[in-house]
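Report on the structure given below.
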Amino acid sequence: MTFQALRRTFATLMQGNGPKNAQTQLRHSDIAMTLGTYVQPISEDVKTAVESLDTDLQNILHDFSRGSEGVFQ
C-alpha cells in the first residue's frame, strides 16, 4: 500500500460527494488533475456486485454473532 494508492482510493470513493470536495481535500489547484489522474470511474455492475457482497458478509457476521452469544463471557 502506497501513499499514492491511498490518495487515488480516497478520490475514487469521494466521487459521489462531488469532485470539488475531493479536489479541496487533495489540495489540487486544477480540477482536471483530480478527475483525470485520481478519480477512477466505478461501473454500476461493480457497485452492485460490491453491495451484494457487503450484504452477504453482513448477514454472515450477524448469524455468527447470534450463534456465539455467551461464548466469551
Rounded tilt (10° steps) of 44-67 against the dominant C-alpha axis of the chain: 30
Chymotrypsin sites (Phe, Trp or Tyr not before Pro) restricted to DSSP loop in the chain with at most 14 other C-beta within 10 Å: PHE72
Sparsely packed trypsin sites (Lys or Arg not before Pro) within the chain, loop by DSSP, other Cβ within 10 Å at most 15: ARG27
Assigned charges on the beta-carbon of Lys, Arg, Asp, Glu; the chain dipole about Cα centre (debye): 500
Nearest 10 degrees, 0 to 90: helix 3-14 Cα axis against the chain principal axis: 80
Positive dipole terminus of segment 3-67, leading residue within VAL50, THR34, PHE64 (C-beta point charges): THR34
The chain: calculated mean residue ellipticity at 222 nm from DSSP helix runs of at least 4, using -39500 (n - 2.57): -19500 deg cm²/dmol
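Computed from the coordinates by the stated procedures, all read-outs in this text should not be read as laboratory data. Only a predicted model underlies this, so the values are computations on that prediction, with no experimental measurement involved. All Cβ positions, even for glycine, are placed from backbone atoms using ideal geometry, and neighbour counts span all protein chains on display.
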